[in-house]
Number of protein chains: 2
Amino acid sequence: MSSGEAAFIAALQALALPGAARGLADDCAVLGVGGENLVLTHDMMVEGVHWLAGQDPADVAWKLLATNLSDLAAKGAEPIGVLLGYTLGADDARFAEGLGEALAHFGVPLLGGDTVRGTGGRSPGAQTLGLTALGRATCRPVPSRSGACPGDGVWITGPVGAAMLGFEALQSGSTADSTAYRRPVPRLAEGRALAPLVTAMMDISDGLLLDARRMAEASGVTLALDPAPIPLPAGLPPERTRDAITWGDDYELLFTLPPGTEPPCLATRIGTVLIRGEHPLLLDQAAPEGPLGYEHG
Amino acid sequence: MSSGEAAFIAALQALALPGAARGLADDCAVLGVGGENLVLTHDMMVEGVHWLAGQDPADVAWKLLATNLSDLAAKGAEPIGVLLGYTLGADDARFAEGLGEALAHFGVPLLGGDTVRGTGGRSPGAQTLGLTALGRATCRPVPSRSGACPGDGVWITGPVGAAMLGFEALQSGSTADSTAYRRPVPRLAEGRALAPLVTAMMDISDGLLLDARRMAEASGVTLALDPAPIPLPAGLPPERTRDAITWGDDYELLFTLPPGTEPPCLATRIGTVLIRGEHPLLLDQAAPEGPLGYEHG
């Protein structure tokens, strides 16, 4: 994130409701409406930044929906519906086809939205898409990234690095499977099952190490990760482990559970929550160096 | 609207929930949540299309909020909050300043959102913004554009054409007042006061004639407008009346009331609802020719 963007987000956070401000930092807003806890998120995607120019628009539509639903999954929320903000592109019919497929797959209705055309007067620039997803929280308190307690176990629902391998396959035009990058699957059922048990939960869209550090910062603790058990995709060369744990786009859930609590879904324990030490994140007992993941902007 | 965009919107509408589909066509979605009727809208704005390149970003922020709140006003809804989708631009700090001013003015909290940077690899293109507004309906049934009945009066809350004059002042660099274009004021209080009384209501963002025809089509009636009483801004040359009633961006409310019902706010009666005849819209007893307003896309 550039300092300009950080300043802008800080300025927006100053405008936001206390408690709602976290909705501006890769997280959902939670809002009481008529006895329900509504969970709200809005994520954008830009051609050439969040997807490869020339990628199948049906896959782009799928990913736009999936990344927003992943934010709901991290709250244990049940999706209610979505609103689409769409800049017309090269193959809108194909986008609509992919969106229809994804909405049907996840059982989520399209509620509304807006479509616009870029200006004709200057270069059309990159296509920009936005999606707002609404969900209903299924338990109280709604999980957040800020509740991890010293002594808790740190868990993850699945491997990291599969999206990276998929991206590389797509970019190189190889025949290797790129599904994990093109059509991520949000952990909605897992999120709902975990929500009543976790002390903290988030999705790891920006890379395991970066998102783990964010959880540690939000919770005021240190997360000590053990590299050995971190699940990696089959076929990942061992020298690429560091890439896999910093690349992002995997949409697994990272969560913490009190000692003795077992997760009600497939998951792997990858660390322990410690009292806040010098560093918010330890990997194999040392603060990891270099970039930890994908910084937005 | 191009045929491609119309086909795309038709494809999206086929994906939408029955009853929610209208949220894709310049209207809000209405959704029951926890005993409340939630009203949802998402509108986008593109540099060079919805605002002049080089315009004060604080005014752009104001307008982005105001246009979305105007959709809520047309439902008689009380704003709950908004989510922002923001592509970083030339002066983000100034945008945040204007957004803060507008949020405070309308008493609406920022709940969350996302910021992205366009690609560096190609021309940055036009800045694209999106905003999702949530509101709480204050009466049932929630007003829509589809309830106008033969015999109803057709009313409007204020003048049309002021935004056009403001735009022209801004574009020409004259000293004339451009506030109506730069900082429109959604008719939130009027919308709430009118909601229990109206048979149909909408805001007229795209031009009086075009939006009146949309209301007529949605209601299956003919709207017969009388040009004489249509309120126009002071100083409008008489030969520009046609421009004023087709230009749009005024954000007044257009509504229908049963015979004998008087509006509880300042408003002007400009016509009568008729049984559907050959044309959905009559102006001075004839179907108006030529473009009726701003067609999206």
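The values are calculated or read from the model by the stated rules, or taken from the named source; none is laboratory data. All figures in this text were calculated on a predicted structure; none of them were measured in a lab. Positions of Cβ are backbone-derived with ideal geometry, glycine not excepted, and every protein chain shown enters the neighbour counts. Each accessible area value is taken on the protein alone, full model and side chains, heavy atoms only, with ligands, DNA and RNA left out. Shrake-Rupley method; radii C 1.70, N 1.55, O 1.52, S 1.80 Å.
Within 14 Å of A:G130 (Cα to Cα), in contact with a Ser or Thr (Cβ under 8 Å, 6 or more places away or on another chain), modelled with pLDDT of 90 or more and part of a helix (DSSP H, G or I): does that describe A:T41? Outline the logic, then answer.
Details: within 14 Å of A:G130 (Cα to Cα): yes; in contact with a Ser or Thr (Cβ under 8 Å, 6 or more places away or on another chain): yes; modelled with pLDDT of 90 or more: yes; part of a helix (DSSP H, G or I): no.
No: the conditions fail for A:T41.
Evaluating B:G35 against the criteria (1) open to solvent by 40 Å² or more (accessible area, probe 1.4 Å); (2) at the interface with another protein chain (Cβ under 7 Å from one of its Cβ atoms); (3) over 28 Å from A:E78 (Cβ atoms) leaves one unmet condition, (3). For the stretch B:125-153, the set of residues classified as surrounded by fewer than 24 Cβ atoms within 10 Å (Cβ to Cβ) and away from every other protein chain (no Cβ under 14 Å) consists of B:C139, B:P141, B:S146, B:G147, B:C149, B:P150, B:G151, B:G153, listed by residue number. For the stretch B:62-112, taking the residues that are aliphatic (A, V, I, L, M), part of a strand (DSSP E or B) and within 17 Å of B:V185 (Cβ to Cβ), the one that is farthest from the other protein chains (Cβ to nearest Cβ) is identified as B:A77. In summary, B:L292 fulfils each of the numbered conditions (1) open to solvent by 30 Å² or more (accessible area, probe 1.4 Å); (2) in contact (Cβ under 8 Å) with a residue 60 or more places away in the chain with the single exception of condition (1). A:V49 meets each of the listed conditions (1) open to solvent by less than 10 Å² (accessible area, probe 1.4 Å); (2) among the aliphatic types (A, V, I, L, M); (3) in contact (Cβ under 8 Å) with a residue 40 or more places away in the chain apart from (1).
The criterion of being closer than 22 Å to A:A126 by Cβ and either charged (D, E, K, R) or at pLDDT below 95 (or both) holds for B:G89.
Here A:A53 meets the list (1) more than 10 Å from chain B (Cβ to nearest Cβ); (2) of a type in the set (A, V, I, L, M); (3) more than 17 Å from B:A10 (Cβ to Cβ) almost entirely, failing just condition (1). Can you work out which of the residues in the stretch A:230-240 that are at negative phi and more than 20 Å from the chain's Cα centre (by Cα) is most open to solvent (accessible area, probe 1.4 Å)? Among those that are at negative phi and more than 20 Å from the chain's Cα centre (by Cα), it is A:E239.
Name every residue in the stretch B:168-179 that is within 20 Å of B:F95 (Cα to Cα) and either in the same structural domain as B:E101 (by TED's automatic domain parsing) or open to solvent by less than 40 Å² (accessible area, probe 1.4 Å) (or both), in order of residue number. Listed by number, the list holds a single entry, B:S178. The residue that is least open to solvent (accessible area, probe 1.4 Å), among those in the stretch A:180-193 that are under 30 Å from A:P141 (Cβ atoms) and either out of contact with any Leu (no Cβ under 7 Å at 6 or more places or on another chain) or among the aromatic types (F, W, Y) (or both), is A:P184.
Evaluate the stretch A:114-124: report whether one residue or more is at pLDDT below 95 and buried (at least 24 other Cβ atoms within 10 Å of the Cβ). Yes, some residue in the stretch A:114-124 is at pLDDT below 95 and buried (at least 24 other Cβ atoms within 10 Å of the Cβ). Consider the stretch A:243-262 and keep the residues that are of a type in the set (D, E, K, R) and in contact (Cβ under 8 Å) with a residue 24 or more places away in the chain. The one that is most open to solvent (accessible area, probe 1.4 Å) is A:D243.
Among the conditions (1) modelled with pLDDT of 95 or more; (2) more than 13 Å from B:G147 (Cα to Cα); (3) over 17 Å from the mean Cα position of the chain (by Cα), B:L188 misses just one, which is (3).
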